[in-house]
Amino acid sequence: MISGLFRVRLWAPVGVFTSLVHCLHQRRVALAELRGADDQKAVDQSLLELKMVQVVFRHGARSPLKPLPQEEQVEWKPQLLEVPPQTQFDYTVTNLVGGPKPHSPFDSQYQKTTLKGGVFAGQLTKVGMQQMFALGERLRKKYVEDTPFLSPTFNPVEVFIRSTNIYRNLESTRCLLAGLFQRQKEGPIVIHTDEASSEVLYPNYQNCWSLQERTRGRKQAAALQPGISEDLETVKEGMGIASGDRVDFLILFDNVAAEQVGWPLHPLHAEEGLQMAVGPFLHILESNLLKAADPATPSGKTRKLYLYAAHDVTLMPLLMVLGIFDHKWPPFAVDLTMELYQHRKSKEWFVQLYYHGEEQVPKGCPDRLCPLDKFLNAMSVYSLSPEKYHTLCSEAQVTGLGSGE
């Protein structure tokens, strides 16, 4: 019922902009395909050796974060959270330096909201667990069976795991690992997390005053765009929500997404906003690439596989920075995979990118197989070291306070 109401109108300005961006992206892909034959002669892919894989993924399907103010609510019964036996896999959660698991203010907040049927808000569902297990099996086929890159059983020497400190992400990671290693392990599984105040696996509005200022008022401005406010009232009427009840499209979409339905997204963004939103995380991904490619890096200081359990608000700016955003909301259990190769003869390094299992042509790259230096050069515009990130946040706050804002 809900999904049909979101097809009320295709907003003209959004449609034109999205079509233009999509056409430009398709043109870049087409040009890359035309160059493919020449590139194959220059780079014999049979001589490429896979050295490292980084996977950034969104958690599986979950219950809504907030209920809608309507009489007919979807029932979220506890049976929807039952754990499929094949996904069971023991793990431990620590902070980034191996200490105790930090407190999760998000999970504490979710437990204050009980949906109709008895389930808390924001919980990973059985469907979500199965989605993550399937993603793990897909990774196993590619990196264990088709290409003998990873050991068939989990080995902590080969795999590093980091997740936001939110239960649905920790459980999503468990299910992915169960699918990837078929519940077999040679050592303990440790998932690293950070304090909510310093987390960089999502845009941290609480920790960065500058990011708060850049996004302040944008949701309200979007709601005032021609046609959007009228559509909101139409949707509310169709769903039986009183006209006076306050609800925005993001809350409506979250409920739709929880019921496995998607719709096109047109986010407001700018280069500076993207840098503040995803720059610190991008720096981590780049650092992993550089360490793996540096012959001076001591043995044991890098891993074959890096897993990062993140969110839609992580993937969207990351995809924009990479120049591969398709203007669709990242679905549950979607993955962005970054492969690092070295040529066995020339010793050159290359990056190959996949989104949702499909090859991509990153920004600044001549083809799907991108020289590492070109890839890093394109990303350097947005990457922020921890020091630079904190300096920019602090400087913005001082400037704002000094000007009386």
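The values are calculated or read from the model by the stated rules, or taken from the named source; none is laboratory data. What you see is a predicted model, and the numbers here were worked out from it, not measured in a lab. Reconstructed Cβ throughout: ideal geometry from the backbone, glycine too, with neighbour counts over all protein chains shown. Keep in mind that these areas ignore ligands, DNA and RNA; they rest on the heavy atoms of the full protein, side chains included. Shrake-Rupley method; radii C 1.70, N 1.55, O 1.52, S 1.80 Å.
Could you check, for region 202-209, whether at least one of its residues is at pLDDT below 95 and open to solvent by 60 Å² or more (accessible area, probe 1.4 Å)? Looking for residues that are at pLDDT below 95 and open to solvent by 60 Å² or more (accessible area, probe 1.4 Å), one finds at least one in region 202-209, hence yes.
Among the residues of region 66-109, the one identified as modelled with pLDDT under 95, closer than 29 Å to Arg183 by Cα and within 23 Å of the chain's Cα centre (by Cα) is Phe106. Checked against (1) modelled with pLDDT under 50; (2) in a loop (DSSP other than H, G, I, E, B), Gly4 passes all but a single condition, namely (2). When we screen Asp294, Asp335, Asp373 for residues that are of a type in the set (Asp, Glu) and in contact (Cβ under 8 Å) with a residue 40 or more places away in the chain, the only hit is Asp335.
Restricted to region 278-333, and to residues there that are surrounded by 20 or more Cβ atoms within 10 Å (Cβ to Cβ), touching a Pro at 6+ places or on another chain (Cβ under 7 Å) and of a type in the set (A, V, I, L, M, F, W, C), the residue that is nearest to Glu359 (Cα to Cα) is Ile324. The requirement of being basic (Lys, Arg), at pLDDT 90 or above and either surrounded by 15 or more Cβ atoms within 10 Å (Cβ to Cβ) or not in a loop (DSSP other than H, G, I, E, B) (or both) is not satisfied by Lys347.
Contact map, region 123-152: residues that are within 30 Å of Leu48 (Cβ to Cβ) paired with residues that are charged (D, E, K, R), Cβ distance under 7 Å, separation 6+ or inter-chain. Pairs shown: Leu135/Asp335; Phe149/Lys304; Leu150/Glu158; Leu150/Lys304; Ser151/Glu158.
Might you let me know whether region 238-246 holds any residue that is modelled with pLDDT under 55 and in a helix (DSSP H, G or I)? Within region 238-246, one or more residues are modelled with pLDDT under 55 and in a helix (DSSP H, G or I). Only one of the listed residues (Ala333, Ala378) is at positive phi and not in a strand (DSSP E or B). That residue is Ala333. For region 82-196, no strands (runs of 3 or more DSSP E) sit wholly inside it while including 1 or more residues that are surrounded by 17 or more Cβ atoms within 10 Å (Cβ to Cβ) and out of contact with any strand residue (DSSP E or B) (no Cβ under 8 Å at 6 or more places or on another chain). For region 48-66, give me the residue count where each residue is more than 19 Å from Pro330 (Cα to Cα), of a type in the set (A, V, I, L, M) and open to solvent by 10 Å² or more (accessible area, probe 1.4 Å). The qualifying residues number 2. Please specify each residue of region 358-405 satisfying the condition of being among the acidic types (Asp, Glu), at pLDDT below 90 and buried (at least 17 other Cβ atoms within 10 Å of the Cβ). If the condition is that a residue be among the acidic types (Asp, Glu), at pLDDT below 90 and buried (at least 17 other Cβ atoms within 10 Å of the Cβ), then no residue fits. Pairs meeting the criteria (first residue in region 158-171 and in the same structural domain as Thr302 (by the TED database), second residue of a type in the set (Asp, Glu) and open to solvent by 10 Å² or more (accessible area, probe 1.4 Å), beta carbons under 9 Å, at least 6 apart or on different chains) are Arg162/Asp194; Thr164/Asp194; Asn165/Asp107; Asn165/Asp194; Asn165/Glu195; Ile166/Asp107; Tyr167/Asp107; Arg168/Asp107.
For region 76-122, residues that are closer than 25 Å to Val159 by Cβ and without any contact (Cβ under 8 Å) to a residue 24 or more places away in the chain total 4.
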